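Trainee: Sending over a structure as structure tokens; questions will come in a sec.
The values are calculated or read from the model by the stated rules, or taken from the named source; none is laboratory data. Given the structure is predicted, the values throughout are model-derived calculations rather than measurements. For neighbour counting, all protein chains shown are included, and Cβ atoms are generated from backbone atoms with ideal geometry for every residue, glycine included. Note: accessible area is taken over every heavy atom of the protein model, side chains too, but ligands, DNA and RNA are not part of it. Shrake-Rupley method; radii C 1.70, N 1.55, O 1.52, S 1.80 Å.
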Amino acid sequence: MVAYLDTHVVIWLCEDNVKRLSNAALDAINDHDLLISPAVLIELNFLYQIKRIIRAPLDLAKQLRMQIGVKICDRSFSDLAETALFETWTRDPFDLMIVSHAKANNYSLLVTADEKIRDHYPKAVW
């Protein structure tokens, strides 16, 4: 079984700030193979450029790969785009791509505290 991590979850895990995670989120992280959408890397890069985070996205991805085996999803962009065309609940391109990645990958779990995502993606875990 696979679970995707939302951007803020990646940041909190890298900061060793697990107290911000719910018990259900921790269970999903501990019990599943973990993936991040490439969109998470792009969003992290925007946050890095505006100095909301201090470490480069690939450094964060490497840290989580080494610590807990997180991989970057290599699902095709065409699968993602086809799935995203049916999502009308958000104009946020990062949320759209992250949810579409999880959805395109057999409705995988998505660990997120984002209430809007949780309201619209039934496999969101928090």
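Trainee: Under the condition of being assigned to a loop (DSSP other than H, G, I, E, B) and touching a Ser or Thr at 6+ places or on another chain (Cβ under 9 Å), which residue from the stretch 115-126 is farthest from residue 26 (Cα to Cα)? Spell out the reasoning first.
Mentor: In the first step, residues of the stretch 115-126 are kept if they are assigned to a loop (DSSP other than H, G, I, E, B); the result is 121-123, 126.
From what is left, the residues that are touching a Ser or Thr at 6+ places or on another chain (Cβ under 9 Å) are 121, 123, 126.
On the way: 121: 19, 123: 15, 126: 9 Å.
Step by step, filter the stretch 115-126, then rank; the result is 121.
Trainee: Just checking, how many residues over the stretch 82-91 are out of contact with any helix residue (DSSP H, G or I) (no Cβ under 6 Å at 6 or more places or on another chain) and in contact (Cβ under 8 Å) with a residue 12 or more places away in the chain? Break it down stepwise before answering.
Mentor: Filtering the stretch 82-91 for residues out of contact with any helix residue (DSSP H, G or I) (no Cβ under 6 Å at 6 or more places or on another chain) gives 82, 85-86, 88, 91.
Checking which are in contact (Cβ under 8 Å) with a residue 12 or more places away in the chain leaves us with 82.
Selection size over the stretch 82-91: 1.
This table checks each residue for (1) surrounded by 11 or more Cβ atoms within 10 Å (Cβ to Cβ); (2) touching a Leu at 6+ places or on another chain (Cβ under 9 Å); (3) modelled with pLDDT under 95.
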{"residue": "76", "(1), (2), (3)": "no, no, yes"}
{"residue": "80", "(1), (2), (3)": "yes, no, yes"}
{"residue": "90", "(1), (2), (3)": "yes, yes, yes"}
{"residue": "116", "(1), (2), (3)": "yes, no, no"}
{"residue": "119", "(1), (2), (3)": "no, no, no"}
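Trainee: Within the stretch 45-57, identify whether any single residue is open to solvent by 90 Å² or more (accessible area, probe 1.4 Å), of a type in the set (Lys, Arg) and on the phi > 0 side of the Ramachandran plot, and answer yes or no.
Mentor: yes
Trainee: Here is a follow-up. Yes or no: residue 116 charged (D, E, K, R) and out of contact with any strand residue (DSSP E or B) (no Cβ under 8 Å at 6 or more places or on another chain)?
Mentor: Values: charged (D, E, K, R): yes; out of contact with any strand residue (DSSP E or B) (no Cβ under 8 Å at 6 or more places or on another chain): yes.
Against the criterion (charged (D, E, K, R) and out of contact with any strand residue (DSSP E or B) (no Cβ under 8 Å at 6 or more places or on another chain)), residue 116 qualifies.
Trainee: Of the residues that sit in the stretch 28-37 and are open to solvent by 20 Å² or more (accessible area, probe 1.4 Å) and touching a residue at least 60 places away in the same chain (Cβ under 8 Å), which one is farthest from the chain's Cα centre (by Cα)? If you could, list the steps in order and put the result at the bottom.
Mentor: First pass over the stretch 28-37, keeping only residues open to solvent by 20 Å² or more (accessible area, probe 1.4 Å): 30-33, 35.
The next check asks that each one be touching a residue at least 60 places away in the same chain (Cβ under 8 Å); those that pass are 32, 35.
Numbers: 32: 14, 35: 7 Å.
Among them, the one singled out is 32.
Residues are listed down the side, and each one gets a yes or a no for (1) in a helix (DSSP H, G or I); (2) over 12 Å from residue 7 (Cα atoms):
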residue	(1), (2)
29	yes, yes
34	no, yes
43	yes, no
55	no, yes
61	yes, no
64	yes, yes
74	no, yes
86	no, yes
99	yes, no
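Trainee: Quick check on residue 110: is it in a helix (DSSP H, G or I) and under 13 Å from the mean Cα position of the chain (by Cα)?
Mentor: So residue 110 fails the test.
Trainee: For the stretch 1-18, enumerate the residues that are modelled with pLDDT of 95 or more and either in a helix (DSSP H, G or I) or buried (at least 19 other Cβ atoms within 10 Å of the Cβ) (or both).
Mentor: Passing the criteria: 3, 4, 5, 6, 7, 8, 9, 10, 11, 12, 13, 14.
Trainee: If a residue has to be among the aromatic types (Phe, Trp, Tyr) and surrounded by fewer than 17 Cβ atoms within 10 Å (Cβ to Cβ) to count, how many in the stretch 94-114 make the cut? Walk me through it before giving the result.
Mentor: Initial filter on the stretch 94-114 (among the aromatic types (Phe, Trp, Tyr)): 94, 107.
Then keep just the ones that are surrounded by fewer than 17 Cβ atoms within 10 Å (Cβ to Cβ); that gives 107.
Qualifying residue count for the region: 1.
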